[in-house]
Amino acid sequence: MPAALSVRGIEKRYRAVRALAGVDLEVQPGELVGLLGPNGAGKSTLVKIACGLVRPSAGAATVCGAPANSTAARREIGYLAELFRFPGWAKADEVLQLHQRLTGSTKGDEERAELLELVGLSEARYARVETMSKGMQQRLGIAQALVGEPRLLLLDEPTSALDPVGRRIVRTLLETMRSRGTAVLLNSHLLSEVELVCDRVAIIAHGALVTAGRPDELAKPRGVEIETDEGIKHYPDAGRDDAPRLVAELTAAGRPIYGVRVLTSTLEDVYLEAVGEETS
């Protein structure tokens, strides 16, 4: 089975500006990959190339084995742009009907009802867009991206306007999509959300892929902390395998142990190390 998304040697130039500088990335069926990087790093350009909205200056991108700008590839894609807008007068149900016609979906009322339930908008089915909060509109945008059961879901900052309840709904939705075999490329600035839900992360800076892997693979050991009656002792050069020995030594010395913590870097630490001190 081909990768849901494969990009090889992708470059993009806008005159003197090099937005992408030879990026290689794959997203497998049923895999959820988080795309991270500061503003201007090239993330949105990469997503637009995957959608076929932007042509690369060099390299190739395929969606489920088809060229990214082909009709066959577009049939497999669900896309939510970072800045999107639906007509204020349209009802949620009408927005989804429109996208069913655009994608050629024939599942009708049943699909629309299921998607609105998935994003927590069942009660707003006949509400006009202009009466919805920004968070509700964001969830409606995610619902339209799911019309037609795409095999690749491209989401550009899908939780930026959501409150904690809305973010939990989206996380649950993404886990559901993954269980159905849908691949997801999630472009986000919310590192905590990415760390919670993504199988892998890819970090882009200055148009280049600077690091990629599972969050636990990218994490680095930061030592061991052991709490005793004398307070917290920090062993910066120790790792997980050293913890039992350290506990045994402290116990033998008569120190009661109240807690042991193996420290590792967070995704935020990994991100800042990868991109330096760039502002986002």
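The values are calculated or read from the model by the stated rules, or taken from the named source; none is laboratory data. Here the structure is a predicted model, which is why all the values come from computation and not from measurement. Virtual Cβ from ideal backbone geometry, glycine too; neighbours counted across all protein chains shown.
Which of the numbered conditions does residue 142 fail, given that it passes all the others? Conditions: (1) within 29 Å of residue 24 (Cα to Cα); (2) in contact with a Lys or Arg (Cβ under 6 Å, 6 or more places away or on another chain); (3) not assigned by TED's automatic domain parsing to the domain that holds residue 30. All conditions are met except number (2).
Give the range 108-133 a look and list any residue that's assigned to a helix (DSSP H, G or I) and under 20 Å from the mean Cα position of the chain (by Cα), or say none. Hits for the range 108-133 are 115, 118. Restricted to the range 156-242, the set of helices (runs of 4 or more DSSP H) holding at least 2 residues that are under 15 Å from residue 269 (Cα atoms) and at pLDDT below 90 comprises 191-197, 215-218.
Within the range 243-280, how many residues turn out to be in a helix (DSSP H, G or I), touching a helix residue (DSSP H, G or I) at 6+ places or on another chain (Cβ under 8 Å) and surrounded by fewer than 16 Cβ atoms within 10 Å (Cβ to Cβ)?
Of all residues in the range 243-280, those in a helix (DSSP H, G or I) come to 243-252, 267-275.
If we keep only those that are touching a helix residue (DSSP H, G or I) at 6+ places or on another chain (Cβ under 8 Å) too, we end up with 267-268, 270-271.
The next check asks that each one be surrounded by fewer than 16 Cβ atoms within 10 Å (Cβ to Cβ); those that pass are 268.
Result for the range 243-280: 1.
Only one of 92, 81 is touching a residue at least 60 places away in the same chain (Cβ under 8 Å) and either surrounded by fewer than 13 Cβ atoms within 10 Å (Cβ to Cβ) or not assigned by TED's automatic domain parsing to the domain that holds residue 207 (or both). Can you tell me which?
Values: 92 fails: touching a residue at least 60 places away in the same chain (Cβ under 8 Å).
When all the criteria are applied, what remains is 81.
For residue 72, the stated conditions do not hold, so it cannot be described as more than 28 Å from residue 103 (Cα to Cα) and either free of Cβ contacts under 8 Å to residues at least 12 places away in the same chain or of a type in the set (Ser, Thr, Tyr) (or both). For beta carbons closer than 8 Å, sequence separation of 6+ or different chains, a first residue in the range 167-192 that is within 18 Å of residue 114 (Cβ to Cβ) and a second that is surrounded by 22 or more Cβ atoms within 10 Å (Cβ to Cβ) and polar (S, T, N, Q), the qualifying pairs are 170/159. Of all residues in the range 134-155, those being closer than 16 Å to residue 172 by Cα and part of a loop (DSSP other than H, G, I, E, B) number 1. Considering the range 152-174 alone, what residues qualify as being of a type outside the set (A, V, I, L, M) and closer than 18 Å to residue 35 by Cβ? Scanning the range 152-174 gives 156, 157, 158, 159, 160, 167, 171.
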